[in-house]
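Read the structure below first, then the notes.
Readers should treat all values here as calculations from the given coordinates under stated rules, not as data from a laboratory. What you are looking at is a predicted structure, and each value in this text was computed from that prediction instead of being measured. Positions of Cβ are generated from backbone atoms using ideal geometry, with glycine treated the same way; all protein chains shown enter the neighbour counts.
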Amino acid sequence: MKNPLRYWRTGAVAVVMAALGQAGSASGRGTADERLLIRRQSPYGVTDTVLRIEGSARQHGMAVFARFDEGARFAAANAPGTAVQVIVLESSQGGTPVLMGGASTRMELPLCVIVRLTEQGRAEVLIGAPHDWEAMPQSLALDLAQLTAVVRDALQG
């Protein structure tokens, strides 16, 4: 039997940090969830890419909920000193959504964008691939579609 999708919006940074803590390696390297990530190469450095994504989000009417420098936390999964920035955007409904598919699954931040430095010295953008559109509230599905446009527009020259 399929577990129902549980979804809530939060304005609490502590809940967002808990979800990030469950993510393991947010860099996407060596994780079982790697197949659930959409990867985009950026022609810009990590800092410029982050700033461009934040600016693009604002142009699309989305607010930045929080930005975290996760380089130190994920150093064990990456080369030491690797830059990893996590941007969490706000839902059009307020707060930021947190998903949980069932009691045994980890929490997900669907409006989370990860920008990291690759081994080749380029910035790479990772966003979650929506995997259960039917169970998702329409407002969240629209926010996720908007997230793809935010990243696309940010990476265009």
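A few remarks follow.
- Computed lengthening from ASP153 to ILE38, 0.36 nm per intervening residue step minus Cα-Cα distance: 39.9 nm
- In terms of surrounding Cβ atoms within a 10 Å radius of their Cβ, ARG67, ARG58 rank from fewest to most as ARG58, ARG67.
- Charge tally in the Cβ shell below 12 Å around ALA66, where Lys, Arg are +1 and Asp, Glu are -1, ALA66 excluded: -3
- Net charge in the neighbourhood of GLY55 (other residues with Cβ under 14 Å of its Cβ; Lys, Arg +1, Asp, Glu -1) is +1.
- For the pair GLN93 and LEU51, a Förster radius of 25 Å applied to the C-beta separation gives a FRET efficiency near 0.45, rounded to the nearest 0.05.
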